[in-house]
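The structure appears below as C-alpha cells.
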Amino acid sequence: MCGIVGYTSLKKLDLDHKKIVKELKHRGPDSQSYLNLNSKKNHLFFGFTRLAIQDQNSRSNQPFLFKNLIICFNGEIYNFNKIKSELKKENIKFETNSDTEVLIKLIYFKGLKAALNKIEGMWAFSLYNKKTKKLILCRDRFGEKPLWYIKTSKTLYFSSEISIFK
C-alpha cells in the first residue's frame, strides 16, 4: 500500500505540503516525498508515501519523472516484467526494477490508451504531462486502489484517502 496526494490550482495555496504527505505516512512508511510545480497560471503539488515492495532502492521513490511525464503510482502491475522485456527489445533502457518505471515508459512510448489496455493489475495514479499541461487521474477497472477527489472552481484536489480533505 502506498499513498498519493496532490492538487492542481489556478491560485497559489498556502498549505504545508510536508505535513500533508506526513498524514499519509501510515500508507507508506518507507519514503515520503513531494514535488511542487508552479507557474503564473497554475500551481501543482504531487505527494507520495511509499511502501517499498519492488526495488526497495531510493531510485524508485516517487514522484517519478521521465522526460515530460510525472507520475505518482499506487498499486501493482502484475505483468510489468513481461512488458519491461518487450520494451527492452525496442532498446528502451531502465534504471530501476520498479513497475512504476515500466508504467511511465510504457505510457511515454506507447501512449496512455495503449498502456491501459496492456497492463494487468490494480492501481491508482496521477500523471502530469509538462508539455500538454494535462493532469490525468486514473484507477484500475475495478477500483481496487482508492482515488478520491474534490473539485472547486479553481482547484482539483486528489488523494488515496478522503480524510486528507478535512
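The values are calculated or read from the model by the stated rules, or taken from the named source; none is laboratory data. Since this is a predicted model, take the numbers as computed values, not measurements. Note that each Cβ is placed from the backbone with ideal geometry, even for glycine, and that neighbours are counted across all protein chains shown. Quick note on the areas: whole protein, heavy atoms, side chains included, nothing else; ligands and nucleic acids left out. Shrake-Rupley method; radii C 1.70, N 1.55, O 1.52, S 1.80 Å.
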Report yes if some residue within the stretch 83-91 is of a type outside the set (A, V, I, L, M), open to solvent by 20 Å² or more (accessible area, probe 1.4 Å) and within 30 Å of Lys154 (Cβ to Cβ); otherwise report no.
no
Considering only residues of the stretch 39-58 that are over 18 Å from Asp99 (Cα atoms) and modelled with pLDDT under 90, which is least open to solvent (accessible area, probe 1.4 Å)?
Ser39
Among Asn129, Asn74, the single one that is in contact (Cβ under 8 Å) with a residue 60 or more places away in the chain, over 26 Å from His26 (Cβ atoms) and under 15 Å from the mean Cα position of the chain (by Cα) is Asn129
Restricted to the stretch 9-32 and to residues being open to solvent by less than 30 Å² (accessible area, probe 1.4 Å) and assigned to a strand (DSSP E or B), the residue modelled with the highest pLDDT is Ser9
So which residues in the stretch 1-44 are without any contact (Cβ under 8 Å) to a residue 60 or more places away in the chain and either touching a helix residue (DSSP H, G or I) at 6+ places or on another chain (Cβ under 6 Å) or of a type in the set (Lys, Arg) (or both), if there are any at all?
Lys12, Lys18, Lys19, Lys22, Lys25, Gln32, Tyr34, Lys40, Lys41
Between Glu90, Glu144, Glu120, Glu161, which is acidic (Asp, Glu) and within 30 Å of Lys40 (Cα to Cα)?
Glu161
Residue count for the stretch 93-123, restricted to those that are in contact with a Phe, Trp or Tyr (Cβ under 6 Å, 6 or more places away or on another chain) and exposed (fewer than 15 other Cβ atoms within 10 Å of the Cβ):
1
Please work out if Asn68 is open to solvent by 30 Å² or more (accessible area, probe 1.4 Å) and at negative phi.
no
Name the residue, out of Ser33, Ser39, that is over 13 Å from the mean Cα position of the chain (by Cα) and closer than 22 Å to Thr155 by Cβ.
Ser39
The lone condition Lys118 fails out of (1) out of contact with any strand residue (DSSP E or B) (no Cβ under 9 Å at 6 or more places or on another chain); (2) touching a residue at least 40 places away in the same chain (Cβ under 8 Å) is (2)
